[in-house]
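Below: the structure, in structure tokens.
Read the figures in this text as sums done on the coordinates, not as results from a lab. Everything quoted here is computed from the prediction, not taken from an experiment. Cβ placement follows ideal geometry from the backbone for every residue including glycine, while neighbour counts extend to all protein chains displayed.
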Amino acid sequence: IVAEKGREILNIGLDWVKIQGYEIINADTDSISFAKQDQAAWSEDELKTIISTLNSLYPDMINWDVEGLFLKMLVLKSKNYATLS
């Protein structure tokens with residue numbers, strides 16, 4: 001049941017990212033990495049809006065947060081990636 005609920009939580013976020021037209025770079029059990037289609041940088045206001053909107057899709061105890069902004073991300077395989085800040 002825990003894995004099933006985790007997939008449900010992740011899929012809600014993934015569906016939202018896709019609807020927004022963002023490019024999904026990587027998704028894991030507890031994170032989604034995505035970028036604008038043109039690879040432009042995010043503004044602080046955009047990040048606040050994204051987090052607020054994503055969190056509004058979930059119950060109060062489930063919260064997404066920005067864990068970092070990266071210039072580049074290389075995904076080698078599941079749970080194996082490198083980032084450049």
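Using a simple spin-label model with pseudo-atoms 7 Å out from Cα toward Cβ, Tyr81 and Lys5 lie 2.5 nm apart. Could you pull out the pairs from Lys18/Lys77; Lys36/Lys72; Lys5/Lys36; Lys48/Lys72 whose alpha carbons sit more than 24 Å apart here? Among Lys18/Lys77; Lys36/Lys72; Lys5/Lys36; Lys48/Lys72, the Cα-Cα distance tops 24 Å for Lys5/Lys36.
Can you give the net charge of the other residues whose Cβ lies under 12 Å from the Cβ of Glu23, counting K and R as +1 and D and E as -1? Result for the local shell: +1. Nothing charged except the Cβ atoms of Lys and Arg (+1) and of Asp and Glu (-1): what's the magnitude of the dipole of region 1-57 about its Cα centre? Round to the nearest 20 debye. That gives a dipole near 120 debye.
Placing a label point 7 Å from the Cα of Asn26 along the Cα-to-Cβ direction, the residues of region 32-64 with a backbone N closer than 14 Å are 32-35.
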